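What follows is a single structure, written as structure tokens, with notes after it.
Readers should treat all values here as calculations from the given coordinates under stated rules, not as data from a laboratory. In this text the structure is predicted, and so the values were computed from the model without any measurement. Positions of Cβ are backbone-derived with ideal geometry, glycine not excepted, and every protein chain shown enters the neighbour counts.
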Amino acid sequence: MVCSIGKLYAKVNDYAQDNYYTKDAGLENSQWYGNGAKILGLEGQVLTEDYNRAYHGINNKGFPLRQRQSGKKANPGRDITLSAPKSVSLLGLVKEDKQVIEAHQTAVKHTLEYIEQNCIFTRTGKGGANRQQTDNVMVAIFQHDDNRNQDPQLHSHCVIFNQTRGEDSKWRAMDNRELYQQKMTIGMVYHHELGRELKKLGYELTWNRDGTFEVYGYTPEQIKAFSTRRQEIESAVGKDASAAKKARACTSTRRGKVHQAVEEREGIKKLWREKAESNRINHPQPKYGNRKQLLNLQNQQELLTEAITVTSEKQVAFPRHILFKELLRQSQGNFNLKDLQRELNNNQSLIKTNDGRLTTLTAIKREKQIIHLAQSGMNIHHHLASTETAQKQAKQFKLNKAQTDALINFVTNKDSVILCQGDAGVGKTYTVKALKKTIYHNISMRGLAPSAAAATQLQQGTDIPCQTLDAYLNIPIKSLTKNELIVVDEAGMISSSQMKNLLERVKQTNSRILLIGDTKQLAAVQAGFPFKLLQEQTKLPTIQIDENVRQQNINLKQVVDLLAAGEIERGYQKLQANDSIKQMPIDSLRRDAVVTDYLQRDEKTRLQTLVLAGTNVEKEAITNQIRQGLIQQEKLGQNSQQIPILKSKDLDRFSLTQASNYQIGDVIKFRRNSAKFSQELYYRVDEVDLKKGIVKLRDRYDSTEILELNRYKDREVFQSQTRELRSGEQMKFTRNQYQNKQKQINGQHFTVIGFKDNGQIVIKTKGKTQSITPDSLLYSDYRYGDTVHSSQGKTANYCIYAAGSGNSLTVGKESFYVAASRARQEFTVYTASSKALGVSVNKSRGQENALPLITTQKPSRNSEFKLLVAAKYLVEHQGKFNLQNPQEKTYQSLDGTEIRRNKNYLTIKQQEKELKFNRDNTTVNNTFSATQINYQIQARTNEMQQHLQLNKAKTQNRSISR
């Protein structure tokens, strides 16, 4: 663990290194740091009495430096521990290179300087309403050289006391949130600066994907021999456990602190040297002639550009420290820390958002292009069919009122871009099927979806030829059909980059596009939320379908309807009341319960049950347990066969060029032909040269080639894994491919029937049985579980959701809504903490758009309409209210009887997301939240449309009479 944040010790002697003794009541392994310490005259070694005063928040005269809050336990501060990589500890403590120790000390001070300049805040004003950055901190540094297993482990405890001086020269308690938010960046600063200092000494380093490193010259086995604490932690929670679980295991498996005398410490060092000899360690030597020179300014600018590209690929807005962390990851100690900060501050392509984050000019320009492309196509086409034809088809298809209204709006719309917002389970696909039968026969249709599975489902549900969005975008413009009606399903999962390219093609082919999706469900993995952008930032009308037809269980339907209406808390409480949320704090017992819940069902019910998890790691753990249970139940055959499969390593643009991210046995597939490599072949990694940044590849013909990792970048890297197959195995394909002249799509199900003597595997898919070779299943995996993200668009009778700890970043209102709305009959949740889960499901984890983050927004036509409906709901309960129309600058009464030019009838506080309605200048006691009002909107939208049309007609008649 590079950087950890914990509670500090109450007694200074607990920070005393065992082989150091106090001298004049000071610790020789200690030092004061920070402007706050200097202001109080604290310098040099840490004295016991000074530590005690700082711990209790008082100065040397006994006056308090922070206000104590009544009823709350005093918070003395935080202990930030910065730990060197194990190879650095071996160099500094076993080889006893003092320059390495000094490099660590320099890195610690540079890190604390970053913390002081970027992470120290306090709160001022009534109730701490104002957040103020102070740039001064009191830190006591304690350097240690081992862990509690007595392995060599160079690290420093940086005790940050809970007091800082504000602009008014008053001392106050700190606001520690920034420390926690920047924890990973702080660790990256330390690693970057330590690496830079070691490079100055002439040591060669190998950098990892996460920005950490080891000194070149130690083998993984030698590192492991001195890492017994890591082994204990991984034994407790598993190698692939999350950082949070490993942190908890670090505490739970920690041994008691044992102090040794000086002679005992010398004995421990002797054991280290003997252990190094037994593991055949020859410590690396610095190569002074190979020290890297400082890189020029142009390289620094290019580095920042690449860091911005990587950071903005998956989010349009990001905190400054996240971008800085990526900048340090790619710098790998080559650039000066302050120069990088200066380059970042002076960059002209970054725009500050209203909430203090950063976005890019590229993102803003792209969104403006999307809006322009959509609005430039308004009212330029003819109707797709007549209203009468739509009504006739609606009756034939037995559409409900919401679907019928949507169908009529589809065919009478004259825009190039048609928006349809539909909740989960409202029958959007079925409405499109009716649309196909309604439109004029000379109009060709094409269906698109973000994934192959969704495209297949759309095609099966509508009889429209469908393909993936990426496949369509890869078709040359000249080969595209003109004047089409393109239907895009799951439009909310389209990124901004994809949407811009898609709308450009719509314009170039004079086509029309119907975007169907749900802004409340999961968005794209890549940056942007253009479907929401088009609804909120353009003049395009949004066609609503909001009558839920999926859930057959009345209680579950009420839950899903509440979640769809934004009433997350009420929906969650109803699930709790129905005993649908099972709380089990212990991970293993909770996973056992999920597996037992699934296995105790009969075979038919199991096939109708979705098992969902928030992460791939959790999904795979549950899958493995389910398989073992099925084997014990003899639901899977006795004979088995091992097959190889490929799992993408998902390397980003920078990681793709780093040799440390490649292991022997990895497989590389090139996306295009070149003079050296064929896109038809798979290449196995035979050798990795970390120093030269090259790998040796071998193809199936046993030919070898050297790949320089900074060349031929249009490639994908896979980890080669194996899967055991048995007859009865439930599997799925994980990539689109052709086998035996038949297309197999990503997500397509198949069942293993048996095995042939020639090694072929008999499978059944799409109702057909076929024999294939093991190599044909390179892109396949078990299908006993799904992630929530991959389940969007699926439907099952039952759903079991493994929500983990409940406070994971993979859990939010969007993912919870998706999980809950998959099932028709039953939805069961397993979590470590129902309270933590209840908090998480109220938080949005969705994608954003850049434009709303840099401008003050006026209510769109859709939001104005929602306010009208909300006001009508209040009228029904509180009396008659007048409503301001922000665009027309008039005040319209809801009963349509008069026009009044009077203010203070409606107050809109969008930032607080509250709508306060006033009547006759008297504030109504009730304050309705936006989510409460939205729930009422679902039931009253169609009624209010008719009401507004009547109001408009009456208003026009009065104008004529005047």
Which residues in the range 468-489 have a backbone N closer than 14 Å to a point placed 7 Å from the Cα of Lys743 along the Cα-to-Cβ line?
468-475
Scoring only Lys, Arg, Asp and Glu (+1, +1, -1, -1) among other residues with Cβ under 13 Å from the Cβ of Lys183 yields +1
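Suppose R0 equals 56 Å. What FRET efficiency, 1/(1 + (r/R0)^6) with r the Cβ-Cβ distance, do Gln396 and Asp355 give to the nearest 0.05? Each step should come with its number before you reach the end.
Working: r = 51 Å, r/R0 = 0.90.
So, using R0 = 56 Å, E works out to roughly 0.65.
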Excluding Thr795 itself, calculate the net charge of residues whose Cβ lies under 10 Å from the Cβ of Thr795, where each Lys or Arg counts +1 and each Asp or Glu counts -1.
+4
As an exercise, identify the chymotrypsin sites (Phe, Trp or Tyr not before Pro) in the range 646-744 lying in DSSP coil whose Cβ has no more than 15 other Cβ atoms within 10 Å.
Tyr701
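Restrict the search to the range 668-713; then list the trypsin sites (Lys or Arg not before Pro) that DSSP places in a loop and that have at most 15 other Cβ atoms within 10 Å of their Cβ.
Here the sparse-neighbourhood loop sites are Arg671, Arg672, Lys676, Lys691, Lys692, Arg700, Arg711, Lys713.
Output the pairs from Lys325/Lys365; Lys95/Lys270; Lys86/Lys183; Lys507/Lys813; Lys98/Lys199 with a Cα-Cα distance over 23 Å in this structure; if there are none, say none.
Values: Lys325/Lys365 25 Å; Lys95/Lys270 11 Å; Lys86/Lys183 20 Å; Lys507/Lys813 35 Å; Lys98/Lys199 15 Å.
Beyond 23 Å between Cα atoms: Lys325/Lys365; Lys507/Lys813.
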How many angstrom lie between the C-alpha centres of the range 57-113 and the range 690-757?
47 Å
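How high is the relative contact order of the range 631-731? Use alpha-carbon pairs under 8 Å, at least six apart in sequence, and give a whole percent. Numbers along the way, then the final one.
Values: 182 pairs, mean separation 40.3, N = 101.
Reported as a whole number, the value is 40 percent.
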The range 401-466 to the range 647-661: how many Å between their Cα centroids?
39 Å
